[in-house]
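Some notes on the structure that comes next.
The values are calculated or read from the model by the stated rules, or taken from the named source; none is laboratory data. Treat the numbers as computed from the prediction; the structure is a model and nothing was measured. Virtual Cβ from ideal backbone geometry, glycine too; neighbours counted across all protein chains shown. Just the protein is used for accessible areas: all its heavy atoms, side chains included, with ligands, DNA and RNA removed. Shrake-Rupley method; radii C 1.70, N 1.55, O 1.52, S 1.80 Å.
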Amino acid sequence: MAEETPNVSIDDLMAYLKRIPGYGFEPKIDADFAEELLEDFAALDVLEEVKSFRWYHDNRPAKHVKSVRLALRRWLARTLTRRLEF
């Protein structure tokens, strides 16, 4: 039986991305980015994972990575891979 995931809207995800210090939010790019994340990682609670990523980096992910968007994709991909291994 498939596990249900919470419905997260693109607007909710974009609003949260905008709040991340140093993220470099760009409405045009991030609308596509948010949509892509929600499609590619539909098995995950994407918003919850983005929050985990933000706070894992002590609210300063841009200080720890060169590209926050790429780091977020990698975080989600690793999370999905770990979930599929179980």
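Dipole magnitude for segment 42-86: about 280 debye, using +1 per Lys or Arg Cβ and -1 per Asp or Glu Cβ, origin at the Cα centre.
Counting each DSSP H run of 4 or more residues in the chain as -39500 (n - 2.57), what helix-only mean residue ellipticity at 222 nm follows after dividing by all residues, to the nearest 500 deg cm²/dmol?
Numbers: 5 runs with 57 residues, N = 86.
That comes out to -20500 deg cm²/dmol.
What the chain shows is 68 Å² of accessible area per residue, with the surface traced by a 1.4 Å probe over protein heavy atoms.
Calculate, in whole percent, how much of the Cα-Cα pair population of the chain lies beyond 19 Å. Don't skip to the answer; put the middle values down first.
On the way: 1236 of 3655 pairs.
Summing the P(r) tail past 19 Å for the chain gives 34 percent.
State to the nearest 20 debye the size of the charge dipole of the chain about its Cα centre, where the only charges are +1 on K and R beta carbons and -1 on D and E beta carbons. Don't skip to the answer; put the middle values down first.
Working: 14 positive and 16 negative charges, 143 e Å.
That gives a dipole near 680 debye.
Positive end of the dipole of the chain (Cβ unit charges, origin at the Cα centre): among LEU37, LEU70, ASN59, the Cα lying farthest that way belongs to ASN59.
Expressed in nm to one decimal, what extension gain is obtained for the pair ASP11 and ARG82 from 0.36 nm per residue of sequence separation less their Cα-Cα distance?
Full extension from ASP11 to ARG82 adds 22.8 nm.
Of the three principal axes defined by the Cα atoms of segment 6-52, the extents in descending order read 27, 21, 14 Å. Computed in the context of the full set of protein chains, the accessible area of segment 1-78 at 1.4 Å probe radius has 50% of its extent on carbon or sulfur. On a straight-distance basis, which aspartates and glutamates could pair with LYS66 in a cross-link, Cα separation under 18 angstrom, same-chain partners fewer than 8 positions away excluded? Straight-line reach from LYS66, under 18 Å: GLU26, ASP30, ASP58.
Express the relative contact order of the chain as a whole percentage, based on alpha carbon pairs under 8 Å and six or more residues apart in sequence. The value is 33 percent.
So if each residue of separation counts as 0.36 nm, and I subtract the Cα-Cα distance between ALA31 and LYS18, what length gain in nm does that give?
Values: separation 13, 0.36 × 13 = 4.68 nm, distance 1.12 nm.
Taking 0.36 nm per residue and subtracting the Cα distance, the gain is 3.6 nm.
Helix 46-56 sits at what angle to the longest principal axis of the chain, using alpha carbons and giving 0 to 90 degrees rounded to 10? It works out to around 50 degrees.
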